Amino acid sequence: QQQVKQSPQSLIVQKGGISIINCAYENTAFDYFPWYQQFPGKGPALLIAIRPDVSEKKEGRFTISFNKSAKQFSLHIMDSQPGDSATYFCAALVVSNSGYALNFGKGTSLLVTP
Amino acid sequence: EAGVAQSPRYKIIEKRQSVAFWCNPISGHATLYWYQQILGQGPKLLIQFQNNGVVDDSQLPKDRFSAERLKGVDSTLKIQPAKLEDSAVYLCASSLDRLDTQYFGPGTRLTVL
């Protein structure tokens, strides 16, 4: 059961454009929403994260927008560069009796063309 | 600071064989995770350790998968016997504590023929 749904599956953006990746969740117990970036042959690396008490967080060219009522969040990459070409995963953390589990989306393969 | 180390990087085995993966987390990190990442999907948590104790192994197929974390540092994940559907990248991650940022290793790509 996919608890975090991510779209699109793949995305092609021209250099300098804006890349937008969307995620939706159902479980209102999620309370931490990170985005990970993964290059081929490497493990995922934390890019940026947000908590549900904030509607937007910006770090450099990367912005997370969070809509708690709609249970949706998105990643915006401004001025996209070829070096941003990677797979991006959204995730959501839930705290339960058995621990702290990160639930990942299926990923978005981003290609930024020169 | 050294990252999470994993070995081997690649492994090819026949179905019904056994295989083991090794992980060395970042020094001082109390929490260690094993994830399975099937091609085209996001990582799925298999097991989580806090020091040398298991916190969450609800998604671990215990009939064939086992994991241990000796002395609260290195960890091994074993599959015995392997099935075709176990072909995936096995990622190890560690964090300072349970709510801290998880740092991932490069993974072990397993192919079961």
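Give me the percent of the accessible area of the protein assembly as shown that comes from carbon and sulfur atoms, probe 1.4 Å, all protein chains in place.
C and S fraction of accessible area: 49 percent.
At 7 Å along Cα-to-Cβ for each site, give me the label-to-label distance between A:Ala70 and B:Ser66 in nm.
Calculated label separation equals 5.0 nm.
Under 17 Å between alpha carbons, and skipping anything fewer than 8 positions from B:Lys11 in its own chain: which lysines qualify?
Filter leaves A:Lys42, B:Lys78, B:Lys83.
For labels at B:Val54 and B:Gln41 in the simple 7 Å Cα→Cβ model, what's the distance in nm?
So the label points at B:Val54 and B:Gln41 sit 2.0 nm apart.
May I ask you to give the solvent-accessible area per residue for the range A:4-113, in square angstrom, as obtained with a 1.4 angstrom probe? Walk me through the intermediate numbers first.
Numbers: 5200 Å² over 110 residues.
Result: 47 Å² of accessible area for each residue.
Of all trypsin sites (Lys or Arg not before Pro) in the range B:82-113, which ones are in loop regions per DSSP and have a Cβ with at most 13 other Cβ atoms within 10 Å?
B:Lys83
With N set to the residue count of the range A:4-113, report its C-alpha Rg divided by 2.2 N^0.38 Å to two decimal places.
Ratio of Cα Rg to 2.2 N^0.38 Å: 1.03.
Which of the residues in the range A:1-41 lose at least 10 Å² of accessible area when you go from the chain alone to all protein chains together (probe 1.4 Å)?
A:Tyr32, A:Tyr36, A:Gln38, A:Gly41
What's the FRET efficiency of B:Trp22 with B:Ala2 using the Cβ-Cβ distance as r and R₀ = 22 Å, to the nearest 0.05?
0.90
With just the Cα atoms of the protein assembly as shown, tell me how far they stretch along each of the three principal axes, in Å, largest first.
Dimensions of the protein assembly as shown along the principal axes of its Cα atoms: 48, 38, 36 Å.
Less than 22 Å apart at the alpha-carbon level, and either on another chain or at least 8 residues along: which lysines does that give for A:Lys57?
Of all the lysines, those that pass the test against A:Lys57 - Cα under 22 Å, at least 8 places apart if same chain - are A:Lys5, A:Lys68, A:Lys71.
Quote the total accessible area buried by chains B and A together, excluding ligands, DNA and RNA, probe 1.4 Å, nearest 100 Å².
That pair of chains buries around 1500 Å² in total.
Quick one: check the C-alpha center-to-center distance for the range B:54-103 versus the range A:43-114, whole angstrom.
If you average the Cα positions of each part, the centres end up 24 Å apart.
Can you compute the FRET efficiency between B:Thr101 and A:Ile18 using 1/(1 + (r/R0)^6), with r the Cβ-Cβ distance and R0 = 35 Å? Round to the nearest 0.05.
Efficiency computed from Cβ-Cβ geometry: 0.85.
For the range B:54-100, list whatever residues lose no less than 50 Å² of accessible surface once every protein chain is in place, relative to that chain by itself, with the probe at 1.4 Å.
Going by heavy-atom accessible area, the residues of the range B:54-100 that drop by at least 50 Å² are B:Arg98, B:Leu99.
Looking at chain B as a GNM with Cα springs under 10 Å, which of B:Gly42, B:Gly72, B:Gly28 has the largest mean-square fluctuation?
B:Gly42
The values are calculated or read from the model by the stated rules, or taken from the named source; none is laboratory data. Here the structure is a predicted model, which means the values were calculated and not measured. Reconstructed Cβ throughout: ideal geometry from the backbone, glycine too, with neighbour counts over all protein chains shown. Surface accessibility is based on the protein's heavy atoms, side chains included, excluding ligands, DNA and RNA. Shrake-Rupley method; radii C 1.70, N 1.55, O 1.52, S 1.80 Å.
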